[in-house]
Amino acid sequence: MRWNLSTKLVVAYSGLLALMAGALSVGIYWQLQRSQRAELQDRLLGTVSLAALQIDSAYQSVNDQPKDTDSDPIVNQKILQDIQASEPRIVRLYIVQLRNGHYSVTSDYRPGGNRLPQSPTRVGDVCSDLPHLLQQQTKIQAPITETTIRTNREGIAVLHGYAPIQSQLRRSDSILVIEMDATSVGQNTVRVFIIAGGILGVMWLIALPLLGWLARSLVVQPNLHSNHGILQLQAAFKELQNYSQNLEHTVKERTKELSESQNLLYLVINNLPQSIFWKDRENTFLGCNQSFAEVAGLEPGEIIGKTDYDMPWAKEEASFYIECDRRIRESKEPEFGIIEPMSNGKGKQGWLETNKIPLQNLDGEVMGVIGIFQDITHYKEAEDAAHQANRTKTEFLANMSHELRTPLNAILGMADGLQEQVFGSINEKQHKALGTIESSGKHLLELINDILDLSKIESGHVALDCHPTAIAPLCNSSLAFIKERALRKQIHLKTELPHKSPLLFIDERRIRQVLINLLDNAVKFTPDGGCITLMVKSGPPLPISTQDSYKVANSLKISVIDTGIGIIPENIPKLFQPFIQIDSALNRQYNGTGLGLSLVKRIVKLHGGEVKVTSQVDNGSCFSITLPCSNETQIANTTDASIYTGIEQPTQVNERGPIVLLTEDNEANVITLSNYLQAKGYHLIIARNGEEAISLSKSQQPDVIIMDIQMPQMDGLEAIRHIRRDPALAHIPIIALTALAMEGDRDRCLEAGANEYLSKPVKLKQLDQLIQQLLSNRNS
């Protein structure tokens, strides 16, 4: 068969038309499928990019299945749930971390449940169904999606998207994986295929009538139809390209907004005048602001990954910082106002005031420490200048006090000589006047001595005589000074000493002065029948700075705890200021110069220690001193704790002489009689009224009772009758004293049960002879 030109043209163009129709159908099929997949990829990429920014990598760690629905892992789970709710086509969201070469799941969420206990992968386990890119150990540095649609474990066609979760340090610790449902793409594939086939059939139906026309019109009209189809195809491509560009522009804008917000936060932190840093559990720096980097003399990026030992400060300073951080992590409590020394990058010594808080994750676990500090070197220099001015003032006080002390010693010496009748005999009034001179002079001398001690310490003229000292004998010898006063007020004295304690390298005389001062205050402000405890235990590490070095030393904490009147919080800062007494009403009730606690603080500070006070009104106070101690030598106490009470003490001191119970409410008479009788070898117990006399008589079993007749609450006559009615006390001799000297007084006293009677003013020598006589008669 021979084909003419028209037939050849018709066949050729028919074949060309069929080829074009098939190609167009296939092109439409693949273009529509590609556009749907590209739309899904763009949507997934935008979703995973926005979702990664909502998750804080600081709290992404492998956690056990939570039990508390309000715990931090559940909060993270809710964030994933909110992300899924914003995009219903998401079938699964989970976060993995690369640990020891394996990916572990830290969070997992699917619609219809939270962590899906039925899921093969448990939170914290190694992920066994890793997506394709993670199986290839592909490093995910930016949001990305796979190009291939795959079937997950449940048989669902999904497209995987990945995004690194970046911390504030720009480190990618975790990867967010999102599986988005791609079933619609497969379903659309069938529909597109049917549509393409229909288009092909329609084109053939249209082409058949045109073949005849094509044979007549040859080439021109087919070319026009072909050009028109190409233009339509180009228009479709252009529309799809515009849609993709719009979606990409939207994602870029969202990403830019989040980036600007994060940059603003960094800008604020870096422009703060205070220095900020944060560390992990291993004391490694995770980041800092520009101010901290400038103090260290490094760039912020150079500090990340270093420890304090790698920084340009001294090793002792680094040890102090790390110890402080450890204490905060263990206690989970912040510390404020920490004064720390620091050497900057240029080697210059400075001082910092630091606030530190523990950094906790959503589970409440401490992940590290955040610190903020400011340089207070200029404040310290100003403080040193103020101290220098204060020392100049104190030196002046010292010189003036010395000029006062010299003639005062002569006055007291002369008064003492006159009382001893070295210059001749004196009458009772003269003796009483000399006693007033002596007591007033001693009080003035004590004040001057306190001023001298304080001025010497502040002016730096005190040289400590330090040597290794055992704590137990020091505490017991200090208690001996206040036992008698405590006994008068029926105050229980208790010591709690450790079985073993290190030696203190201290000036024993000065520290005994400190303890006596604290114990004396405790007795002064504790009501009758109260309790005072002297407690010794290990203290916190103490920073010890010298001219050439800086170190941390162990310490011993000595506390004086009372059940006294307490101190209101606003008055506590005034306690250690010289010449300051916190309450004028108390000043009239309790004698004092206002220098004792100021001396305590300065003596302890000279030893490298510190003083702290805690108090509650009406519940008592606790004054604690912390002193550095030796790390090697250990000494053992005879007992773990010793109890001293007003009831037991007389049996310990009875060997010193007969016990005399003096019942007198006038303080001047108490001092006069007690001083004289103690000088004669008697041991004195003081009662202020008849009720106390009865109570002390029962508990102390004195050898002699001296009973004043006129007293508040219960008078002496009534007290004598109560004592004589008690068979256990009936044998104790009683001397009655009265200042009335009226007719019948002697008879009333003897009738009440007194053995002897003396009228005031009492001749002390006569009283001594009378006591000796009564004791002699009793023993015979």
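The values are calculated or read from the model by the stated rules, or taken from the named source; none is laboratory data. All values derive from a computational prediction rather than experimental measurement. Neighbour counts run over all protein chains shown; Cβ positions are idealised from the backbone, glycine included.
Tell me, please, whether a residue that is surrounded by 18 or more Cβ atoms within 10 Å (Cβ to Cβ), within 30 Å of Ser699 (Cα to Cα) and either at pLDDT 90 or above or among the acidic types (Asp, Glu) (or both) can be found in region 502-518.
Yes, some residue in region 502-518 is surrounded by 18 or more Cβ atoms within 10 Å (Cβ to Cβ), within 30 Å of Ser699 (Cα to Cα) and either at pLDDT 90 or above or among the acidic types (Asp, Glu) (or both).
Check Lys256 against each of (1) without any contact (Cβ under 8 Å) to a residue 60 or more places away in the chain; (2) under 23 Å from the mean Cα position of the chain (by Cα) and name the one condition it does not meet.
(2)
With Gln60, Gln81, Gln41, Gln77 as the choices, which residue is farther than 25 Å from Leu240 by Cα and at pLDDT 80 or above?
Of Gln60, Gln81, Gln41, Gln77, the one residue that is farther than 25 Å from Leu240 by Cα and at pLDDT 80 or above is Gln81.
With the requirement that a residue be within 32 Å of the chain's Cα centre (by Cα) and assigned to a helix (DSSP H, G or I), what does region 468-509 give you?
Those that are within 32 Å of the chain's Cα centre (by Cα) and assigned to a helix (DSSP H, G or I): Ile471, Ala472, Cys475.
His160 is checked against (1) farther than 20 Å from Arg34 by Cβ; (2) modelled with pLDDT of 70 or more; (3) touching a Lys or Arg at 6+ places or on another chain (Cβ under 9 Å) and fails just one. What number does that condition carry?
Result: His160 fails condition (1) only.
Looking at Val190, is it surrounded by 13 or more Cβ atoms within 10 Å (Cβ to Cβ) and at pLDDT 65 or above?
On the way: surrounded by 13 or more Cβ atoms within 10 Å (Cβ to Cβ): no; at pLDDT 65 or above: yes.
When the stated conditions are applied, Val190 does not pass them.
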